[in-house]
Amino acid sequence: MGIYLDHAATTPLRHESLEAMLPYLTEHWGNPSSIHASGRRARQGLDEARETVAAILHAKPREIVFTSGGTEADNLAISGYAWAASSRGRHIITTSVEHKAVLQACALLERHGFEITYLPVDGDGLVDPDAVAAAITEHTTLVSVMAANNEVGTVQPIAEIGNICRSRRIGFHVDAIQAAPFTPIALDGWQADLVSLSAHKLEGPKGVGAVFVRQGTPLVPLLQGGSQERQRRAGTENVAGAVGFAVAFALAADPATQASEAMRQGSLRDELLAGLAAIGGVRRTGHPTRRLPNSASVVIDGIQGGDLVAACDLEGVEVSTGSACTTGSVEPSHVLLAMGIDADAAAGSLRVTLGRETTRDEILRALGVIERCVGRLRNASGAIRVEQPATVSGAPSA
Amino acid sequence: MSRIVAAMSGGVDSSVAAALVARGTADGQASETEVVGVWMRTHPETGEGWESRRSCCSPEAADDARRVAQLLGIPFFVLNVERAFGSLVIDAFADAYLAGATPNPCQACNQYIKFDELLRRGLATYGADAVATGHYARIDRQGDRWRLLRAADGDKDQTYFLWVLSQEQLAATRFPLGELHKTRVRAMAAELRLPTADKPESQEICFVPAGDYRTLLDERRGYAGDPGPIVDAAGTRVGTHTGYAHYTVGQRHGLDVALGEAVYVREVRPATNTVVIGRREELAASQVTVSGRHFVGGEPPAERFEASVRIRHRAPDVPCEVTLVGDDRFVVETADPLWAPAPGQAAVLYDGDECLGGGRIARADAVAAA
């Protein structure tokens, strides 16, 4: 059995979530918008799921909009709000280390005449709240900052930034997708108007997420064609998904287990980072202390991250370069570049993210495999190549 | 347990080669062999989305390779070789034209990508002992020496592109299709229900999709073409060309000269931006100097030996006498003349079915100057 250490990419579906979903995939298959009994039964599941999610966030059920996942949640929050507020201004502030769902939503708005400010981060990936304040203009309508980074785990000063936005009466979106399993989402403390969530990052099913939309926050729907989700997201609802999401979120957000898991995973993670550093030519990326407890990220000299991930996989250890992309693209991570790491070093990135079922034994075994694979890859720089000119422009001058 | 990397291009040949190693039916393969499918990303591909340049969407070939790997039940990875492919294959291709020579992209890809990047990096990355490819060629061992042999299917034989391989590379290489005919390979692909079974043969150069390399010269090297003279053997101007690098020796089409008989490019002179043409018989040569020599066995058979030579893919073999010159060159002499030996193209030597090695045809002026 392999060792799965890529929980920032996705997590296993927990059985409580699966069991809660099953009735909605079998007997309660109705369309929640239907008038009849089948529809009402499905609607009940959806309403209960919405209530559960709202209760975890100390929000109102009507403030929860279910989506197809985190990417849609980010797109809806950014574009939906930007367009809704566009008569007041067309300037958005975000950071250079956001998820592509945020960055590319912003890039699309840029093509439509919006102005976007991408704030820099420091070497640990932190955004300076003062820089947010300084970037605000009379045209600014929205600030979007992630609670915790998906590649390096750095936790941002969300409450400070939220304060600034509130005092300047500017909308504030927080992508809390990676943070949600570990961090209580304090909507009032953060003063957030929009918060993105994803189910499969916290042991729920794939294909479902949500946006918290604070009451009174304007939002233009991205999907047209129905009045579902209070006219903010057309389309027949993924009832089973929402039910599974709610159950998984409730279990993940339980304060006692959240705190103890943060302690447990944090201490394993520290051991892991120390072990990785001992390999030599390994540098931590992300903040030393302000980081998600399950996240260890490093850059390793003399290797390609993608090669190391493949090598580890064949030895039964599943890790990542930083984001889940399997197509062999060599574009260096925009997050690492923004942190001032050069492209060559960034090519050697490795991200190891722990989960609720990760054991110390697994961490120790994974360390052994990673160390062995790094050694093998570093040794492979010796070429087999027979040196030959690629083309001939003439005989040698000898 | 041993592990073999199956290089998968997404085409029918490499799919069947992967299937053969995955099923343990390849020649001489230990039963306890694990197979890992690897598709090499050689150049960034523009996808279908309108922001495709920055996306990580995989091209169709990778999709096909991944589906085949799934059906075979083997792990599948993408190995990025963009950097090496860009400089050692694509740029080298452009530079050959700019030097008035004819490039060998398939051979360069074998030499620098499949049997270097993949072999070296791949073996380390995937912890493998060998790489299997879909080439039509055979490898055998005679004493302590590995031999590269022509494929059983003479029509498909690819040794012309493999003469650059060394003993070390051959030792770590498997050619599961070497004993098979193409028709059998297609039938096997159909039997295995591989999605690639009906894929048409790829004929064109993978990074020159429309067969028009002129655009590539401009893109990679800023060569837009500068019109200049087309002259005959006597030096008389008979026409105008669009830029010397747009022409290769042996080319007949696109010359736009009317001399009442078929004429061919005989020589390309970068220094004076001149293209020299000649009648068919004027392009024959019974002596060719070859540089950058390499012998598969490591050592040449002798200072002077008899062999047969092939100067382009699928050209007939011509019996010849080979004489080594200096450390790097050899001279090939034939009784029957070779037609249009093109500088830059490989001259590959055979002893019967065995590929002995080869080198690249040198420019006549460079030989004279040496």
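The values are calculated or read from the model by the stated rules, or taken from the named source; none is laboratory data. For clarity, every value in this text was computed on a predicted model and none was experimentally measured. Ideal geometry is used to build each Cβ from the backbone, glycine not excepted, and the neighbour counts take in all protein chains shown.
When the residues of the range B:187-225 are narrowed to those that are farther than 30 Å from B:Val12 by Cα and touching a helix residue (DSSP H, G or I) at 6+ places or on another chain (Cβ under 8 Å), which ends up surrounded by the most Cβ atoms within 10 Å (Cβ to Cβ)?
Here is the first cut: in the range B:187-225, the residues farther than 30 Å from B:Val12 by Cα are B:217-225.
Okay, now just the ones that are also touching a helix residue (DSSP H, G or I) at 6+ places or on another chain (Cβ under 8 Å), so B:217, B:220-221, B:223-225.
Working: B:Leu217: 21, B:Arg220: 17, B:Arg221: 14, B:Tyr223: 18, B:Ala224: 11, B:Gly225: 15.
This residue is B:Leu217.
Output yes when any residue across the range B:325-342 is crowded, with 19+ Cβ neighbours inside 10 Å, within 14 Å of chain A (Cβ to nearest Cβ) and within 30 Å of B:Tyr223 (Cα to Cα), and no when none is.
Yes: one or more hits.
Taking the range B:273-303, which residues are more than 27 Å from the chain's Cα centre (by Cα), of a type in the set (S, T, N, Q) and within 21 Å of B:Ile361 (Cβ to Cβ)?
B:Thr274
Scan the helices (runs of 4 or more DSSP H) fully inside the range B:85-171 and keep the ones with 3 or more residues being on the phi > 0 side of the Ramachandran plot and touching a helix residue (DSSP H, G or I) at 6+ places or on another chain (Cβ under 7 Å).
Numbers: elements: B:92-98, B:105-108, B:123-126, B:167-171.
Hits in the range B:85-171: none.
This table checks each residue for (1) touching a Lys or Arg at 6+ places or on another chain (Cβ under 8 Å); (2) hydroxyl-bearing (Ser, Thr, Tyr); (3) without any contact (Cβ under 8 Å) to a residue 12 or more places away in the chain.
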position	(1), (2), (3)
A:Gln231	no, no, yes
A:Ala240	no, no, no
A:Gly244	no, no, no
A:Ala250	no, no, no
A:Ala253	no, no, no
A:Ala259	no, no, yes
A:Ala262	no, no, no
A:Ser267	no, yes, yes
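Considering only residues that are within 7 Å of chain A (Cβ to nearest Cβ) and crowded, with 24+ Cβ neighbours inside 10 Å, look in the range B:93-102 and name the one that is farthest from B:Phe207 (Cα to Cα). Break it down into steps so the answer makes sense when it comes.
Residues of the range B:93-102 within 7 Å of chain A (Cβ to nearest Cβ): B:95-96, B:99, B:101.
Subset that is crowded, with 24+ Cβ neighbours inside 10 Å: B:96, B:101.
Working: B:Ala96: 15, B:Ala101: 19 Å.
Here the residue is B:Ala101.
For B:Ile90, indicate whether it is buried (at least 20 other Cβ atoms within 10 Å of the Cβ) and either facing chain A (nearest Cβ under 9 Å) or over 12 Å from B:Ala7 (Cα atoms) (or both). Give the derivation first.
Details: buried (at least 20 other Cβ atoms within 10 Å of the Cβ): yes; either facing chain A (nearest Cβ under 9 Å) or over 12 Å from B:Ala7 (Cα atoms) (or both): yes.
In short, yes.
Counting just the residues of the range A:116-147 that are more than 24 Å from the chain's Cα centre (by Cα) and in contact (Cβ under 8 Å) with a residue 12 or more places away in the chain, which one comes out surrounded by the most Cβ atoms within 10 Å (Cβ to Cβ)?
Within the range A:116-147, the subset more than 24 Å from the chain's Cα centre (by Cα) is A:130, A:133-140.
Keeping just the survivors that are in contact (Cβ under 8 Å) with a residue 12 or more places away in the chain gives A:133, A:135-140.
Working: A:Ala133: 17, A:Ala135: 15, A:Ile136: 16, A:Thr137: 11, A:Glu138: 8, A:His139: 12, A:Thr140: 23.
Only one residue fits best here, namely A:Thr140.
Looking at A:Gly340, A:Gly322, which one is modelled with pLDDT of 95 or more, closer than 12 Å to A:Thr285 by Cβ and in a loop (DSSP other than H, G, I, E, B)? Spell out how you get there, then give the answer.
Values: A:Gly322 fails: modelled with pLDDT of 95 or more.
Only one candidate qualifies: A:Gly340.
Taking A:Ile35 as meeting all but one of (1) in a loop (DSSP other than H, G, I, E, B); (2) in contact with a helix residue (DSSP H, G or I) (Cβ under 8 Å, 6 or more places away or on another chain); (3) exposed (fewer than 14 other Cβ atoms within 10 Å of the Cβ), write down the number of the exception.
(2)
Mind checking which residues of the range B:66-84 are under 21 Å from the mean Cα position of the chain (by Cα) and either of a type in the set (S, T, N, Q) or in a helix (DSSP H, G or I) (or both)?
Start the filter on the range B:66-84 by keeping residues that are under 21 Å from the mean Cα position of the chain (by Cα), which leaves B:79-84.
Matches in the range B:66-84: B:Asn80, B:Glu82, B:Arg83, B:Ala84.
Could you list all residues from the range B:189-244 that are assigned to a loop (DSSP other than H, G, I, E, B) and among the small types (Gly, Ala, Ser)? Reasoning before the result, please.
So in the range B:189-244, the residues assigned to a loop (DSSP other than H, G, I, E, B) come out as B:192-212, B:222-227, B:232-236, B:242-243.
Within the range B:189-244, B:Ala197, B:Ser202, B:Ala210, B:Gly211, B:Gly222, B:Ala224, B:Gly225, B:Ala233, B:Ala234, B:Gly235, B:Gly243 meet the criteria.
Looking at B:Val249, is it buried (at least 16 other Cβ atoms within 10 Å of the Cβ), assigned to a strand (DSSP E or B) and not assigned by TED's automatic domain parsing to the domain that holds B:Arg363?
no
What is the one condition in (1) assigned to a loop (DSSP other than H, G, I, E, B); (2) out of contact with any Cys (no Cβ under 6 Å at 6 or more places or on another chain); (3) in the same structural domain as B:Glu117 (by TED's automatic domain parsing) that B:Arg186 does not satisfy?
(1)
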